[in-house]
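**Q** Below you will find the structure I want to go over with you.
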Amino acid sequence: MNSALNPQDIQARDVELDDILGRVGRLNYAWTNTESLLIHLIAGLAKVEKDIAVVIFLTLNTTRARVDMVDRLAKMAHVKSQMRDDILALTSRLTREAALRNKYNHCIYSFDPEGGQIQTIMMRIQDRRKDIRVGKTETVTSEKAENINACIMRLEKLNIEIWELARKYAFPL
């Protein structure tokens, strides 16, 4: 059996890949845009000017560190309980969205040699009790592509809600 793809199959595969990469690009845009709003939360909670919060944000070089900073500032004794709860609810939602974003950002893309379907290959070591696994593959289905779209929509909603919170509590904008 010849597994070579004909030109139409290659073109269709390229269109599918362009679609997935476009979705992942939009996901990255929505993520980065939303994560950057943590600057305003840091500024408001730490009671510093926005430019100082930018330096703090950029010094913390991972999303996890930035969210931890905001969560810890929100949990300080001087923060009113309603503000704390509002902020922790938003950062919790941001953290939940990180899994899908990380999945599609920390993988490589390949094609099933038989069917030409797009696959992700995770670039992560999975530690098990007595061994490790690398290179977990998954086929990118239309359902998974829709999950990316849904994540983008949730991030866009979260973005709006963070802006609303920053205005509500008069954080530096």
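**Q** Quick check on this structure: which one of LEU173, LEU155 is under 30 Å from LEU21 (Cα atoms) and not in a strand (DSSP E or B)?
**A** LEU155
**Q** Please pick out the residue among LEU100, LEU73, LEU88 that is out of contact with any Cys (no Cβ under 8 Å at 6 or more places or on another chain), crowded, with 17+ Cβ neighbours inside 10 Å and hydrophobic (A, V, I, L, M, F, W, C).
**A** LEU73
**Q** A further question follows. Scan region 141-149 and tell me whether some residue there is modelled with pLDDT under 90, under 27 Å from MET69 (Cα atoms) and either part of a loop (DSSP other than H, G, I, E, B) or in contact with a strand residue (DSSP E or B) (Cβ under 8 Å, 6 or more places away or on another chain) (or both).
**A** No.
**Q** Would you mind stating whether SER92 is more than 21 Å from the chain's Cα centre (by Cα), small (Gly, Ala, Ser) and either assigned to a helix (DSSP H, G or I) or closer than 27 Å to VAL24 by Cα (or both)?
**A** Here the answer is no, as SER92 does not meet what is asked.
**Q** Taking the residues in region 56-67 that are part of a helix (DSSP H, G or I) and surrounded by 13 or more Cβ atoms within 10 Å (Cβ to Cβ) as candidates, determine which candidate is farthest from the chain's Cα centre (by Cα).
**A** ILE56
**Q** Same structure, new question: Being farther than 21 Å from ARG93 by Cβ and under 18 Å from the mean Cα position of the chain (by Cα), is that true of even one residue in region 150-164?
**A** The answer is no; no qualifying residue exists.
The values are calculated or read from the model by the stated rules, or taken from the named source; none is laboratory data. The model shown is predicted, which means the values in this text are computed figures rather than measured ones. Positions of Cβ are backbone-derived with ideal geometry, glycine not excepted, and every protein chain shown enters the neighbour counts.
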